[in-house]
1. Would you check if LYS48 is in a loop (DSSP other than H, G, I, E, B), in contact with a helix residue (DSSP H, G or I) (Cβ under 7 Å, 6 or more places away or on another chain) and modelled with pLDDT of 55 or more?
2. Can you run down the residue pairs with Cβ atoms below 9 Å, 6 or more apart or on separate chains, where the first is in region 279-301 and closer than 16 Å to VAL267 by Cβ and the partner is of a type in the set (Ser, Thr, Tyr) and not in a loop (DSSP other than H, G, I, E, B)?
3. Do you know which residues across region 266-278 are surrounded by 12 or more Cβ atoms within 10 Å (Cβ to Cβ) and touching a residue at least 24 places away in the same chain (Cβ under 8 Å)?
4. Kindly indicate whether ALA288 is of a type in the set (A, V, I, L, M, F, W, C) and touching a Gly at 6+ places or on another chain (Cβ under 9 Å).
5. If you scan region 290-300, which residues turn out to be surrounded by 18 or more Cβ atoms within 10 Å (Cβ to Cβ) and part of a helix (DSSP H, G or I)?
6. Would you confirm whether or not region 274-291 contains a residue that is among the small types (Gly, Ala, Ser), at pLDDT below 85, under 22 Å from THR156 (Cα atoms) and under 27 Å from the mean Cα position of the chain (by Cα)?
7. Looking at VAL192, is it at pLDDT 75 or above, surrounded by 15 or more Cβ atoms within 10 Å (Cβ to Cβ) and part of a strand (DSSP E or B)?
8. Before we move on, is ALA288 of a type in the set (Gly, Ala, Ser) and over 20 Å from CYS160 (Cα atoms)?
Amino acid sequence: MGKSPAHIGRRLKLLTLIDDAKHALRDGRMDVARAELLTKLSPELQAKALEEAVWLPMFRVREGDQETGTLATLEPLSELRWWVERRTRLDVADLIADDETRALFPEASEAVREIEWGVDAPPLLEVALDRFGQSPAQATIPADVLRLNRDYREVTGKKCKFAQRAFVVFGDRKGEVLLVCCEKKGPTTCNVHWPLKVKADPSAQAAKRPPWEVQEAERKRVQAIWERVRPDVEKVIIAASAKVRTTPKLLQEILDRTTNIAQSAAVIKAIGKLTPETFGRVYVIADAFDDLYSVDGAERALKAVNGFFDVKKAMKAAEAAMASERTVPKTEAKKATGKPTKKTRRVA
Ligand SMILES: [Zn+2]
């Protein structure tokens with residue numbers, strides 16, 4: 001009585017829950033709000049959501065807390081909402097036209113709009129990424145996302161020449177823009193991200209292809225012809241390039257290809273404008289910052305610029321400071337960590 005059709009429809013959808021979720025709902029371990037969110041997911045994803053976004057805190061119950069497996073110990077509803085949101089595909093059209101999507105995923109929307117506006121940015125790949133940067137298990141990816149989930153590896157340290165921009169359309173890092181390397185096979189292989197592995201099994205597939213020697217001979221034949229043409233192409237390029245000026249835009253391009261893009265932007269902001277005069281310094285800083293992912297890397301980076309700083313001593317001091325912060329009352333500690341001072345990768 002007095003229930004709207006939409007309300008009844010939502011309740012009917014609860015019938016599509018997997019058994020684990022139905023049982024949890026029936027015996028009060030999970031509420032209707034969470035159950036309704038789960039119905040938006042495939043059965044495979046429902047199981048994963050229960051595991052990662054609903055029950056997780058059961059393993060984090062504080063010492064002395066007697067309640068387990070009740071609503072009081074569930075992950076906050078917002079956590080599940082966040083999780084479900086990241087298990088739907090990020091739509092390029094929405095990134096351009098829909099204000100709400102743009103606000104939710106500013107990084108991806110900016111990158112997509114750059115291309116939309118004809119700024120000469122290379123096309124973006126679309127990739128799916130799970131927690132901690134892994135490619136999600138195939139069973140948990142919807143078909144339309146799976147199609148684009150080609151082989152790629154995230155480029156986190158030094159860039160290889162095949163690195164290209166991609167944005168995450170699915171998974172915990174949805175909306176992030178990152179660099180990936182897809183150069184797994186073909187005439188060129190990236191040996192940074194796809195180091196050669198000796199295959200134990202000479203597969204039946206290989207037999208179908210022309211023998212390796214035939215392919216290699218053909219490649220060499222075409223290459224030899226190309227080498228004759230190449231000097232002419234080089235001459236044209238050199239002549240045409242006479243008008244090239246060392247503009248900030250060109251310098252930016254060099255930086256983008258050789259260093260981490262987000263990082264070099266921060267460096268330029270820190271030391272001022274990117275000009276032919278400041279370029280060397282920006283490059284050296286950005287390159288050094290690339291190494292700052294570990295203590296060892298930091299020591300390498302410092303050495304490269306003749307900077308003197310006792311990292312190990314600073315680590316000890318920071319460790320002591322963190323230990324004393326842990327004893328500060330909870331509300332105080334929360335305030336203190338509210339704003340991260342250092343930009344770190346979001347891994348929720
Ligand atoms: Zn690579």
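The values are calculated or read from the model by the stated rules, or taken from the named source; none is laboratory data. Source: prediction; values computed, not measured. Cβ placement follows ideal geometry from the backbone for every residue including glycine, while neighbour counts extend to all protein chains displayed.
1. Numbers: in a loop (DSSP other than H, G, I, E, B): no; in contact with a helix residue (DSSP H, G or I) (Cβ under 7 Å, 6 or more places away or on another chain): yes; modelled with pLDDT of 55 or more: yes.
The answer is no for LYS48.
2. VAL282/SER264; TYR283/THR258; TYR283/SER264; ILE285/SER264; ALA286/THR258; ALA286/SER264; ASP287/THR258; PHE289/SER264
3. ALA266, LEU274, THR275, PRO276
4. Values: of a type in the set (A, V, I, L, M, F, W, C): yes; touching a Gly at 6+ places or on another chain (Cβ under 9 Å): yes.
In short, yes.
5. Pass one, region 290-300, residues surrounded by 18 or more Cβ atoms within 10 Å (Cβ to Cβ): 290-291, 298.
ASP290, ALA298 - these are the residues of region 290-300 that are surrounded by 18 or more Cβ atoms within 10 Å (Cβ to Cβ) and part of a helix (DSSP H, G or I).
6. Our first condition is that a residue be among the small types (Gly, Ala, Ser); within region 274-291, this holds for 280, 286, 288.
Imposing the further condition that a residue be at pLDDT below 85 reduces the set to 286, 288.
Checking the rest, the ones that are also under 22 Å from THR156 (Cα atoms) come to 286, 288.
Adding the requirement that they be under 27 Å from the mean Cα position of the chain (by Cα) leaves 286, 288.
Scanning region 274-291 turns up at least one residue that is among the small types (Gly, Ala, Ser), at pLDDT below 85, under 22 Å from THR156 (Cα atoms) and under 27 Å from the mean Cα position of the chain (by Cα).
7. Details: at pLDDT 75 or above: yes; surrounded by 15 or more Cβ atoms within 10 Å (Cβ to Cβ): yes; part of a strand (DSSP E or B): no.
No.
8. Details: of a type in the set (Gly, Ala, Ser): yes; over 20 Å from CYS160 (Cα atoms): no.
Considered against the rule, which asks whether it is of a type in the set (Gly, Ala, Ser) and over 20 Å from CYS160 (Cα atoms), ALA288 comes out as no.
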